[in-house]
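Peer 1: I have a structure I would like to understand better, so I am pasting it below and will then ask my questions one at a time.
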């Protein structure tokens, strides 16, 4: 769906009928102490889509994901999932909601004292009364889907980074969630693993009929797999659109981000004090003057003058 | 001068306030563990697994330490009792020292150093590698699933380890006193049997070690759960566990002894 079409449908209200929103974020503000992180955010995540939230480090992407997961509460505004405001739920309600969610953490967060098999089976054993034979079949199917059925006996420490991420993905979709959250799924992966994980995100989302929210700063991989993108900077959405629209965008921030330029709207230098002052150049001058005075005192003349 | 004094007082006040806050948060954490303990008993295999890691894996150090402490008690006790011509009371001296004091205290200190620090490091690393957050996101309460089974395992393990420590200590005392020095075997055991009272000596020791088990395990788990998710955070928490547990054991030992004497 094109961005213009999307916005027209959203404005006329037809969008909600055609593609019901699973997650709605409305006028959300959030601050850590006195430091504002999110400033009046409005985002919509329709069902059965893969949507990316992109932006530089520290722009508030992961905070958004934690708000959706109900780990933190917004200062104002609300986050609605499936018609329920997540931060108004009590613990039992929140846990009931989380059973319908899956989250892939940045480095997998696999349980290091359990085998790959037990990691994937963990939620099934905790939340269902399925017999062990059925759990076995389900675990093998999930591992087969990520191409790692042969690793079921291994410990997480015996896997490479990319393999650990794929096992974590199998664990994330163990109970066929309706909403899957991905926190930097491409971070630290080699090009092959990156493509594999990217394709798996898309394929699993389509197979499960789920909604995927991918928080990432990997532009090229995201543009291949997502249906829609939000760009976040300084706690606000600065642009949004489909991958084609983002590629064609002439906004300086988007161009800097896509092309990986060092300087631009996102400055290379973090704001700081005067550079010369930080280098204590004034005090260096003072040392030089003192040195000159000492030379004059003991040798009668400045050495440089002597040379002349 | 006044400014420096004020600064010191402010700093001291801040430290005291922080300590009080931490004690309060720790007490709240302990109450959360107790409230979420159902799973530790309904799925007892979780507790048994932790009992293996914290209890059975600590057995070697407890047994070896117990035996050598008993051997030292045998030597020192014999030297002292000989001055009063009461070498035959060696059995009761060794047993009473171990059952009433040394068994519970030293077993708890060794447990804090070996298993308590491991618990802190494990929970702290689980937090640092987002395993705790992952569990929360899977709608599984980490206090109930991870912390409470470890707590009850510690509470069960410390009295059992203290008992093992005392038994090995008595055996060490027997080896030195009877086998090496030649104290009469009959008087060694009969004096022990007649002077050690089950209720006043053995049960008091068991009660002490139960209290130490609760305190040491709660401190270890709280420090791990509260550790900043960094390498320095986890190492600092591990150190704090050993220091705080050791001090708590020694202070509580004095209080409990004063109350039970």
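Values in this text are rule-based calculations from the coordinates and carry no lab data. Owing to the predicted nature of the structure, the values given are computational and were not obtained by experimental measurement. Backbone-built Cβ (ideal geometry, glycine too); neighbour counts: all protein chains shown.
Peer 1: For a label point 7 angstrom out from the Cα of residue A:47 toward its Cβ, which stretches of segment A:78-99 have the backbone nitrogen within less than 12 Å?
Peer 2: A:82-83
Peer 1: Please give the average number of partner chain Cβ atoms lying within 10 Å of the Cβ of each residue in A:89-100, rounded to a whole number.
Peer 2: Working: counts 0, 0, 2, 1, 0, 2, 5, 1, 1, 5, 3, 1.
Taking all residues of A:89-100 together, the mean is 2.
Peer 1: Could you line up A:181, A:279, B:180, A:65 from fewest to most neighbouring Cβ atoms inside 10 Å?
Peer 2: Details: A:181 24, A:279 10, B:180 13, A:65 21.
Sorted ascending by nearby Cβ count, the order is A:279, B:180, A:65, A:181.
Peer 1: Full-extension gain between residue B:60 and residue B:42, please, as 0.36 nm times their residue separation minus the C-alpha to C-alpha distance.
Peer 2: Working it through step by step, the gained length comes to 3.5 nm.
Peer 1: Let me ask something else. With no solvent and one equal point scatterer per Cα, compute the Debye intensity ratio I(q)/I(0) for chain B at 0.10, 0.11, 0.16, 0.17 Å⁻¹ and report its log10, rounded to two decimals.
Peer 2: Debye output, listed in q order: -0.59, -0.68, -1.10, -1.19.
Peer 1: On to the next question. Say each of residue A:261 and residue B:203 gets a label point 7 Å from the Cα, pointing the same way as Cα to Cβ; how far apart are those two points in nm?
Peer 2: Modelled inter-label distance: 8.3 nm.
Peer 1: Expressed as an acute angle from 0 to 90° and rounded to the nearest 10, what is the orientation of the C-alpha long axis of helix B:148-174 relative to the principal long axis of chain B?
Peer 2: 20 degrees
Peer 1: Here's another thing I want to ask about it. Per 0.36 nm of contour for each residue apart, how much would the distance between residue B:128 and residue B:72 grow if the chain were fully extended, relative to their Cα-Cα spacing? Mind dumping the intermediate values first?
Peer 2: On the way: separation 56, 0.36 × 56 = 20.16 nm, distance 4.33 nm.
Contour length minus the Cα-Cα distance gives 15.8 nm.
Peer 1: Which of the three applies to the protein assembly as shown, rounded, prolate or oblate, going by the alpha-carbon gyration tensor with a ≥ b ≥ c and a/c under 1.5 meaning rounded? Before the final figure, lay out the partial values.
Peer 2: On the way: a/c = 2.62, a/b = 1.48, b/c = 1.78.
Oblate, since a/c reaches 1.5 and b/c is not below a/b.
Peer 1: FRET efficiency for residue A:100 and residue A:279, Cβ-Cβ distance as r, R0 = 51 Å, nearest 0.05? Before the final figure, lay out the partial values.
Peer 2: On the way: r = 56 Å, r/R0 = 1.10.
It comes out at approximately 0.35.
Peer 1: Right, something else. With an 8 Å cut-off on Cα pairs and a minimum separation of 6 or more residues, tell me the relative contact order of chain A in percent. All intermediate terms of the calculation are to be shown ahead of the outcome.
Peer 2: Values: 474 pairs, mean separation 66.0, N = 308.
Relative contact order of chain A: 21 percent.
Peer 1: Moving on. Report the Cα centroid-to-centroid distance between segment B:5-62 and segment A:82-148 in angstrom, as an integer.
Peer 2: Centre-to-centre (Cα) distance: 28 Å.
Peer 1: Also, I was wondering about something else. Going by alpha carbons, how many degrees (0 to 90, nearest 10) lie between the helix axis of A:161-172 and the longest principal axis of chain A?
Peer 2: 40 degrees
Peer 1: Tell me whether segment B:162-245 comes out rounded, prolate or oblate; compute the Cα gyration tensor, take square roots of the eigenvalues as a ≥ b ≥ c, and use a/c under 1.5 as the rounded threshold. List each step's numbers first, then the result.
Peer 2: Numbers: a/c = 6.50, a/b = 2.46, b/c = 2.64.
Because a/c hits 1.5 or more and a/b fails to exceed b/c, segment B:162-245 counts as oblate.
Peer 1: Under a point spin-label approximation (7 Å from Cα along Cα-to-Cβ), what is the residue A:107-residue B:4 distance to one decimal in nm?
Peer 2: With each label point 7 Å from Cα toward Cβ, the separation is 4.5 nm.
Peer 1: Within 10 Å of each Cβ in B:116-129, how many Cβ atoms from other chains are there, averaged over the peptide?
Peer 2: Numbers: counts 0, 0, 0, 0, 0, 0, 2, 0, 0, 1, 4, 0, 0, 8.
Mean partner shielding for this stretch: 1.
Peer 1: Would you mind telling me the antiparallel percentage of the DSSP bridges in chain A, rounded to 5? Spell out each step's value before the answer.
Peer 2: Details: 20 of 38 bridges.
Bridges in chain A that DSSP calls antiparallel: roughly 55 percent.
Peer 1: Once you sort the root eigenvalues of the Cα gyration tensor of segment A:36-157 as a ≥ b ≥ c, which label holds: rounded (a/c under 1.5), prolate (a/b larger than b/c) or oblate (the other case)?
Peer 2: On the way: a/c = 2.36, a/b = 1.75, b/c = 1.35.
Prolate.
Peer 1: May I ask what percent, to the nearest 5, of DSSP beta bridges between residues of the protein assembly as shown are antiparallel? Kindly include the intermediate steps, with their values, before the conclusion.
Peer 2: Working: 20 of 38 bridges.
Among the beta bridges of the protein assembly as shown, antiparallel pairing accounts for roughly 55 percent.
Peer 1: Same structure again: Give me the orientation-averaged projected area of the Cα convex hull of segment A:120-225, in nm², one decimal.
Peer 2: Details: hull surface 27.0 nm².
That works out to 6.8 nm², a quarter of the Cα hull's surface.
Peer 1: While we're looking at this one, here's another question. Under a crude label model (7 Å from the Cα following the beta-carbon direction), how far is residue B:171 from residue A:195 in nanometres?
Peer 2: Each label point lies 7 Å from its Cα, and together they span 6.4 nm.
Peer 1: Between segment B:110-176 and segment A:211-231, how far is it from one alpha carbon centroid to the other, in angstrom?
Peer 2: So the two Cα centres are separated by 43 Å.
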